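Quick notes on the structure that follows.
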Amino acid sequence: MKRYELIARDIAAMIRNGGMSTGERIPSMRQLRRDRGISPGTVRRAYELLQDRGYIEALPRSGFYVTSFWQTAPPGPGISQPVARSTSPDVAELIFLVLEAMRERQLVPFGSAFPSPTLFPLAQLGRQLAETARELDPWSTVEDLPPGSIALRRQIALRYQRFGVDVVPEEIIVTTGGLEAINLSLRSVTRPGDVVAIESPAFYGYLQAIETYGLRAVEVPTHPGDGVDLDCLAGILRRHPVRACCLMTTFQNPVGALMPDEKKNRLVKLLGTHEIPLIEDDVYSELFFGTERPRPAKAFDHKGMVLHCNSFSKCLAPGYRVGWVAAGRFARTVERRKAVSTIATAVPVQEAISAYLRRSAYERHLRSLRRALQEQQRCMLKSIQAHFPGGCRVTRPAGGYVLWVELPPSIDGSQLHRTAIERGISLAPGTIFSPRREFGHCIRLNYGYPWDAKLEGAMRTLGTLICESNAGSRQR
Ligand SMILES: Cc1ncc(COP(=O)(O)O)c(C=O)c1O
């Protein structure tokens, strides 16, 4: 951890343990600087982080105060406890049914997998696309075969270098979205019947891929705070013939976990000693609420064993379907898989995104998107606090746009999903994130849409449905 993160962690722990109470003024920046002998920049960043996490707020010309918000917010869920056997998932059909039910535009989109399209610079991108298509070198449409547009791969490599990760354009393969990057990676490092380690709960896209390719899943206990339990993972690697590990180290979907750097490093080392490739899905990494973009596990990989998958779907261009994988030593295998599966990703969209990335507008857009998502998270948490019954536990991720809610154990999330759809509200039931349809009393809620009276009303309805179902189960 960096110095400012350590200081923020200490202060947050003090607030949580009751060492400082709501409304209390915390030491001024100057005082903390003097007490701890640290630089002004370190104190400022520590306080910014505490503000981002909702522990403190700044009152103009007065100082920083402990908020009431975090104390009354429901507590976060604990670590998951999956069974220790590997499974052949049988959930693809269920997932299709649930996703199908969420597609209607008139539904309140708490079940959606994307942020609101209105938060993206689609008009600018559209103009860029038109201009790029007009000027496109006709030969590029037949020459830009896998690994993909060199201009785009250079832009992507530059971004890696900006946040301290040594990736070169030669190891990047452009794909049709992040999901194709994950699928190609899985198929490049496994054969049917192999065992893949995943988080518990895990993004349903991995479950569909594992089922489709005839693989088996072994689940690793996952904490909503800092991700998979590495001691448990080490035990699993000793007991199971794991051939690949597929997980998210930053803003995990659905629980929002963020692994600290030190843990990412240990993860890479642990898998490295067993020669197991890590398929790292990092599609939410640009959506951080802190001051710095979290580094991926790929930053700690010196053996080329991490296949780092990402896309522009969640942060810039939903619908353009442009993603990539920085595949390390597996780059050539993935490239061939890509050529066999779809020949290439559409050239005009690759060139348009590459042109857009060369402009400073991208950073401006990201800053405003992060601010919007953070504010929307605050609204949704507040709404959960106001409308959901006691006994609910909810995550509070430091980025991304989904919350994981553990409802009272008697509540059936799938039934709630069906009733909510009838009332015009979608949500993602917990069972679609588990190969064994566990997490039946959990739901994932999307806060990627600008908050308004309609969303607040839908949260109230959802809270009422949960309360009714809770009361019903008590009577039974
Ligand atoms: C965790 C995670 N990984 C990958 C994807 C797929 O990304 P893309 O839309 O770029 O294919 C999604 C989309 O929902 C996701 O939530």
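Can you give the direction-averaged projected area of the convex hull of the alpha-carbon atoms in the chain, in nm²? Show your work: numbers first, answer last.
Values: hull surface 93.7 nm².
Directional mean of the projected Cα hull area for the chain stands at 23.4 nm².
The largest accessible area among 223, 365 belongs to the first residue in 223, 365, and the rest follow in falling order (1.4 Å probe, all chains). Using a Förster distance of 35 Å, how high is the FRET efficiency between residue 340 and residue 159, based on the Cβ-Cβ distance and rounded to 0.05? It comes out at approximately 0.80. Dipole of the chain (Lys/Arg Cβ +1, Asp/Glu Cβ -1, origin at the Cα centre): which of 55, 94, 116 lies farthest to the positive side? Ranked along the dipole, the leading option is 55.
Full extension of the segment from residue 96 to residue 10, taken as 0.36 nm per residue of separation minus the current Cα-Cα distance, would add 26.5 nm. Apply the a/c threshold of 1.5 to the C-alpha gyration tensor of segment 19-143 and tell me whether it is rounded, prolate or oblate. The shape class here is oblate.
For the chain, with all protein chains in place and a probe radius of 1.4 Å, 52% of the accessible heavy-atom surface sits on carbon or sulfur.
Simple point charges give the picture: +1 on the Cβ of Lys and Arg, -1 on the Cβ of Asp and Glu, and for segment 252-394 a dipole about the Cα centre of about 80 debye. With contacts taken as Cα pairs under 8 Å and at least 6 residues apart, the chain reaches a relative contact order of 21 percent. Comparing 383, 420, 347 along the charge dipole axis of the chain, the residue lying farthest to the positive side is 383, per the Cβ-charge model. Between residue 2 and residue 375, the simple spin-label model (points 7 angstrom out along Cα→Cβ) gives 2.5 nm. Solvent-accessible surface of the chain, taken per residue with a 1.4 Å probe and all protein chains present: 43 Å². The slack between residue 274 and residue 358, meaning 0.36 nm per residue of separation minus the straight C-alpha distance, is 26.3 nm. Straight-line cross-link reach from residue 454 at under 25 Å between alpha-carbon atoms covers these lysines, not counting any fewer than eight positions away in the same chain: 314, 382.
Given a 1.4 Å probe and the protein chains as shown, residue 441 ends up with an accessible area of around 50 Å². For segment 141-295, just say rounded, prolate or oblate: build the C-alpha gyration tensor, square-root its eigenvalues into a ≥ b ≥ c, call rounded for a/c under 1.5, and beyond that prolate if a/b exceeds b/c, oblate if not. Oblate. Dipole of the chain computed with +1 at Lys/Arg Cβ and -1 at Asp/Glu Cβ about the Cα centre; of 256, 65, 451, farthest Cα towards the positive end is 65.
Note on residue 170 and residue 461: the extension gain reaches 99.6 nm, defined as 0.36 nm multiplied by sequence separation minus the Cα-Cα distance.
Listed by chain and number, the lysines whose C-alpha is less than 27 Å from the C-alpha of residue 269, apart from same-chain residues fewer than 8 away, are 2, 298, 303. The string of couplings for segment 259-274 from the Karplus curve (6.51, -1.76, 1.60, θ = phi - 60°) is 6, x, 3, 4, 6, 4, 4, 5, 4, 5, 5, 4, 5, x, 5, 9 Hz, one whole number per residue in order, with x for Gly and Pro. Label separation (residue 118 vs residue 48): 2.9 nm, computed from points 7 Å beyond Cα along the C-beta direction.
What's the magnitude of the charge dipole for segment 221-289 around its Cα centre, counting Lys and Arg as +1 and Asp and Glu as -1 at the beta-carbon? Answer in Debye, nearest 20.
My answer is approximately 360 debye.
For segment 291-355, applying the loop criterion from DSSP together with a ceiling of 16 other beta carbons within 10 Å to the trypsin sites (Lys or Arg not before Pro) yields 303.
Taken along the Cα-to-beta-carbon direction at a fixed 7 Å, the label points for residue 103 and residue 34 span 6.5 nm.
Could you tell me what percent of the DSSP beta bridges with both partners in the chain are antiparallel, to the nearest 5? Walk me through the numbers before you get to the answer.
Details: 27 of 46 bridges.
DSSP beta bridges in the chain are roughly 60 percent antiparallel.
The values are calculated or read from the model by the stated rules, or taken from the named source; none is laboratory data. What you see is a predicted model; the values in this text were computed from it and never measured. Note: ideal-geometry Cβ built from the backbone for every residue, glycine included; neighbour counts use all protein chains shown. Calculation scope for accessible area: heavy atoms of the full protein, side chains included, ligands and nucleic acids excluded. Shrake-Rupley method; radii C 1.70, N 1.55, O 1.52, S 1.80 Å.
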